[in-house]
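**Q** Sharing a structure here in structure tokens format.
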Amino acid sequence: IDRFRAFNEFLNNDSGDELLKQFAQRLRLININAILVAYLNSDDFAIIYEISPIHPNIEQYCQNILQALNAPFYIDNHEYFITASIGVACFPEHGRQIDHLNNHAEQALSEAKRLGGNTISYYCNKAEHPYKTADLEQELRKAIQNDEFVIYYQPKISLLDQSIIGFEALIRWQHPEKGLVMPNMFIPFAERSSLISDIGKVVLDKVGKQLQEWKNAGYTNVQVSVNIVAQQIHRGLLLSDLDEVLQKYNIQGSDLELEITESALLDNTDNVKTLLHAIKQRDISIALDDFGTGYSSLAYLTEYPIDVLKIDRAFISKIGDHKQEAIVNAMIAMGKSMGLKLVAEGVETEEQVTYLQKQQCDFLQGYFFSRPIPAEQIIPYLQTDSHIY
Ligand code: C2E
Ligand code: MG
Ligand code: MG
């Protein structure tokens, strides 16, 4: 609500509350098809809509809200006119987690208010979103053809002896004009079509080739983990893609690990189980990525042949807070008693290292040790002791 504070000071407290109530009622009436209409705090409300080709577009929903405010509110027989500002953020382009989305909607809202209110503003971070989505699909297909993807590698460190046990392969797009584009800018988009499977295949191939090069240079014990999405699991081509890479580059299954998120394991249980067992037969290790943030049915920990839990960095970043620490401890204890290895993601501080060491977490990954680095810097990195803390 624009300038609500001024209103509130002008009216008495009860009338301010009454205005909020009436405003909330009106919001609900106009947004009858919304998934959620919620009151956040002070004069902030949130609305969640599902957008698809069969629904009105988002602009229309927002216009409806602003128009509905053309009619006055009546409080104590007085007539009041108010206006509102709207900030819009879209899943998944502007965030895959509710707090990111909400933050970005709030940033857009600030912009709408800055423009004087009574208007709609869309979250848009130009540095982050250099594309119109219509072009993005074409560009990504071209990028595959022109071999514009590069893999960065982020080390995973053993807490036992501070050695490097391997790397996570993280894709970047070396765009001819826009420079290095981070995966959050295109992976969520690619996941909406079969593009992600094509990109996934490119990543596997590049990693296989890299592993062969490192082996030839004498580094035979480097394991690389690769992120795999649900579609690759359900599409039925993953196994043959893996076999192809193992054969083509003459590497072992044990050189590879697949990182899968919880949500990828949700559907089609029998097929998934068969696939994971076939992967295990090849000696390829399986890690559950972003553990703790997904749907958290713990059942699949017993049902599926999982080797590693990667505790999401959301938990690691909150080490220092007792309740959050309790969650981390519980995850480590549970994983260990099930015979799984534990990786803490996103380790940034010495405090976190010390804590995780005390809890006997197996492996650590994060900026504290190293950011993801380009392939050509890996051998020099392995040769120095700079990673030992
Ligand atoms: P992820 O698999 O959870 O990867 C970890 C992300 O956390 C990486 O971001 C990494 O750079 C970042 N990170 C590592 N240490 C720290 C830290 O100490 N602090 C902070 N703040 N961040 C840290 P990145 O490379 O931007 O990748 C983001 C996501 O993109 C990945 O999350 C993964 O879901 C996806 N992704 C990356 N490469 C691929 C790929 O080849 N295929 C697929 N399907 N997805 C990929
Ligand atoms: Mg990962
Ligand atoms: Mg992760």
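Every number here is computed from the coordinates shown, using simple stated rules; none is lab data. Just so we're clear, the structure is a prediction, and the values are computed from it rather than from any experiment. Note that each Cβ is placed from the backbone with ideal geometry, even for glycine, and that neighbours are counted across all protein chains shown.
**Q** Angle between the Cα long axis of helix 58-68 and the longest principal axis of the chain, 0 to 90 degrees, nearest 10?
**A** 20
**Q** Let me ask something additional. Work out, step by step, the length gained on full extension between SER52 and LYS318: first 0.36 nm times the residue separation, then minus their alpha carbon distance; give nm to one decimal. It would help to have the intermediate numbers written out before the result.
**A** Details: separation 266, 0.36 × 266 = 95.76 nm, distance 3.61 nm.
Here the segment from SER52 to LYS318 would lengthen by 92.2 nm.
**Q** If a paramagnetic tag sat 7 Å from the Cα of GLN25 along the Cα-Cβ line, which residues of segment 41-83 would have the backbone N under 12 Å from that point?
**A** 73-76
**Q** Among PHE167, PHE315, rank each residue by its count of other Cβ atoms within 10 Å, from fewest to most, as a rough exposure measure. Each step should come with its number before you reach the end.
**A** Details: PHE167 29, PHE315 20.
Fewest-to-most ranking of PHE167, PHE315: PHE315, PHE167.
**Q** Using 0.36 nm per residue of separation minus the Cα-Cα distance, give me the extension gain between GLN60 and SER240 in nm, one decimal. Write down the numbers at each step before the final one.
**A** Numbers: separation 180, 0.36 × 180 = 64.80 nm, distance 4.63 nm.
Once the chain is fully extended between GLN60 and SER240, it gains 60.2 nm.
**Q** Also: Evaluate the distance, in nm, between pseudo-label points positioned 7 Å from the Cα of TYR367 and of LYS336 along their respective Cα→Cβ axes.
**A** 2.9
**Q** Right, another one. Where both partners of a DSSP beta bridge lie in the chain, what percent of those bridges are antiparallel, to the nearest 5?
**A** On the way: 24 of 50 bridges.
Here the antiparallel bridges make up roughly 50 percent for the chain.
**Q** Which angle between 0 and 90 degrees, to the nearest 10, do you get for helix 322-337 versus the longest principal axis of the chain when only C-alpha atoms count?
**A** Tilt relative to the chain: about 30 degrees.
**Q** If you don't mind, another one. Using Cα centres only, tell me the gap between segment 341-365 and segment 1-68 in whole Å.
**A** For segment 341-365 versus segment 1-68, the Cα centre distance is 44 Å.
**Q** Restricting attention to the alpha-carbon atoms of the chain, what are Rg (one decimal) and Dmax (integer), both in Å?
**A** That works out to 25.1, 85 Å for Rg and Dmax.
**Q** Calculated from DSSP H runs of 4 or more alone, at -39500 (n - 2.57) each and per residue, what is the 222 nm mean residue ellipticity of the chain, nearest 500? Working shown, then result.
**A** Working: 15 runs with 162 residues, N = 389.
The helix contribution divided over the chain gives -12500 deg cm²/dmol.
**Q** Mind checking which lysines have their Cα closer than 25 Å to the Cα of LYS336? Skip sequence neighbours fewer than 8 apart in that chain.
**A** The reachable lysines, counting only those whose Cα sits under 25 Å from LYS336, are LYS156, LYS273, LYS280, LYS310, LYS318, LYS323, LYS358.
**Q** Need the full-extension length gain, THR83 to HIS175, defined as separation in residues times 0.36 nm minus the C-alpha distance. One decimal, nm. Don't skip to the end; give the middle numbers.
**A** Details: separation 92, 0.36 × 92 = 33.12 nm, distance 4.29 nm.
Extra length available between THR83 and HIS175 comes to 28.8 nm.
**Q** Placing one identical point scatterer on every Cα of segment 1-70 and ignoring solvent, what is log10 I(q)/I(0) from the Debye formula at q = 0.13, 0.15, 0.24 Å⁻¹?
**A** Treating every Cα as an identical point scatterer, log10 I(q)/I(0) equals -0.42, -0.54, -1.13.
**Q** Only four residue types carry charge here, +1 at the Cβ of Lys and Arg and -1 at the Cβ of Asp and Glu. Report the dipole size of segment 4-128 about the Cα centre in Debye, rounded to the nearest 20. Write down the numbers at each step before the final one.
**A** Details: 8 positive and 15 negative charges, 54 e Å.
Using only the charged Cβ atoms, the result is roughly 260 debye.
**Q** Over segment 4-128, what is the mean sequence separation of C-alpha contacts under 8 Å (at least six apart), divided by residue count, expressed as relative contact order in percent? Don't jump to the answer; show the numbers that get you there.
**A** On the way: 138 pairs, mean separation 20.9, N = 125.
After rounding, I find 17 percent.
**Q** May I pose another question? By how many degrees, 0 to 90 and rounded to 10, does the Cα axis of helix 238-248 deviate from the longest principal axis of the chain?
**A** Its long axis makes an angle of about 40 degrees.
**Q** For the modelled label position 7 Å from the Cα of PHE10 along Cα-to-Cβ, which residues of segment 50-81 have backbone nitrogen atoms closer than 13 Å?
**A** 73, 75, 78-81
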